[in-house]
Amino acid sequence: MDYSEIPAVNWSSLKHIATSPLLFAWRRVHPRPDTAALRRGRAIHCALLEPRAYAERYACEPTWEHHGNSNLGKAEREDWRIVHEGAEVLTAADYALVDQCSTSALAHPDIAALLARARTEVVATWTDGPTGIACKGRLDMVGGGGWIADLKTCASLGRIDRDAGRY
């Protein structure tokens with residue numbers, strides 16, 4: 001079962017209760033709109049933590065050989081869409097950025113060592129004792145010594161201090 005299909009609450013949904021229970025209820029029906037920054041963050045996350053899945057889930061928008069209104073162009077695009085059906089399409093610039101970020105992170109010996117000995121994307125489910133509410137969480141990295149690590153991306157190095165404190 002896909003994580004999103006598990007019938008339980010998680011931090012991303014529960015955090016809205018801090019503002020109001022009404023916002024919590026509204027967000028369950030109206031999820032946060034997707035943005036380019038969120039798509040890039042998800043792609044970097046997947047490339048680092050699930051590299052095999054990354055190749056299946058993501059595709060780079062190609063530079064087309066033929067004009068889109070020509071018969072050859074239409075056929076070229078349709079063939080590409082069929083091959084990449086279901087994949088999340090990244091612009092060439094975003095695809096290159098994901099590659100640069102994951103390559104750079106893996107080049108750091110400490111990060112490479114953590115990823116080499118960690119289980120990634122570990123799903124946990126439990127029932128909250130006091131309320132009886134079903135809960136879920138997905139841990140980015142779990143190590144054999146009982147450590148847990150969370151991967152975050154930020155828009156710019158100038159905002160890293162603020163983002164690190166916020167998350």
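The values are calculated or read from the model by the stated rules, or taken from the named source; none is laboratory data. Source: prediction; values computed, not measured. Here the Cβ positions follow ideal geometry from the backbone for every residue, glycine too, while neighbour counts run over all protein chains shown. For the accessible areas, the whole protein counts, side chains as well, though only heavy atoms, and no ligand, DNA or RNA atoms are used. Shrake-Rupley method; radii C 1.70, N 1.55, O 1.52, S 1.80 Å.
Kindly indicate whether ILE148 is of a type outside the set (Phe, Trp, Tyr), free of Cβ contacts under 8 Å to residues at least 24 places away in the same chain and surrounded by 11 or more Cβ atoms within 10 Å (Cβ to Cβ).
In short, yes.
Could you tell me which numbered condition ASP140 fails, if it satisfies all but one of (1) surrounded by fewer than 13 Cβ atoms within 10 Å (Cβ to Cβ); (2) acidic (Asp, Glu); (3) at pLDDT 90 or above?
(1)
Could you run through the range 43-64 and say how many residues are in contact (Cβ under 8 Å) with a residue 12 or more places away in the chain, open to solvent by 50 Å² or more (accessible area, probe 1.4 Å) and closer than 12 Å to GLU88 by Cα?
3
Would you check which residues across the range 105-126 are open to solvent by 70 Å² or more (accessible area, probe 1.4 Å) and farther than 20 Å from ASP2 by Cβ and list them? Walk me through how you get there before you give the answer.
So the first thing to find is which residues in the range 105-126 are open to solvent by 70 Å² or more (accessible area, probe 1.4 Å), and the list is 106-110, 116-117, 119, 123, 125-126.
The answer is LEU106, ALA107, HIS108, PRO109, ASP110, ALA116, ARG117.
Each row is one residue, and each column tells you yes or no for (1) among the acidic types (Asp, Glu); (2) open to solvent by less than 40 Å² (accessible area, probe 1.4 Å); (3) out of contact with any helix residue (DSSP H, G or I) (no Cβ under 9 Å at 6 or more places or on another chain).
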{"position": "LEU38", "(1), (2), (3)": "no, no, yes"}
{"position": "GLY41", "(1), (2), (3)": "no, yes, yes"}
{"position": "ASN69", "(1), (2), (3)": "no, no, yes"}
{"position": "ALA75", "(1), (2), (3)": "no, no, yes"}
{"position": "HIS84", "(1), (2), (3)": "no, no, yes"}
{"position": "GLU88", "(1), (2), (3)": "yes, no, no"}
{"position": "GLN100", "(1), (2), (3)": "no, no, yes"}
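Could you grab the pairs with beta carbons closer than 8 Å, sequence gap of 6+ or different chains, first residue in the range 1-17 and small (Gly, Ala, Ser), second one surrounded by 12 or more Cβ atoms within 10 Å (Cβ to Cβ)?
ALA8/THR125; ALA8/ILE133; ALA8/ALA134; ALA8/CYS135; ALA8/LYS136; SER13/PHE24; SER13/ARG27
Before we move on, is ARG162 surrounded by fewer than 13 Cβ atoms within 10 Å (Cβ to Cβ), part of a helix (DSSP H, G or I) and of a type in the set (D, E, K, R)?
Taking the combined requirement at face value, the residue satisfies it.
Scan ARG52, ARG32 and give me the residue that is of a type outside the set (Val, Ile, Thr) and not in a loop (DSSP other than H, G, I, E, B). So that I can check it myself, show each step before the final result.
Working: ARG32 fails: not in a loop (DSSP other than H, G, I, E, B).
Just one listed residue meets the conditions, ARG52.
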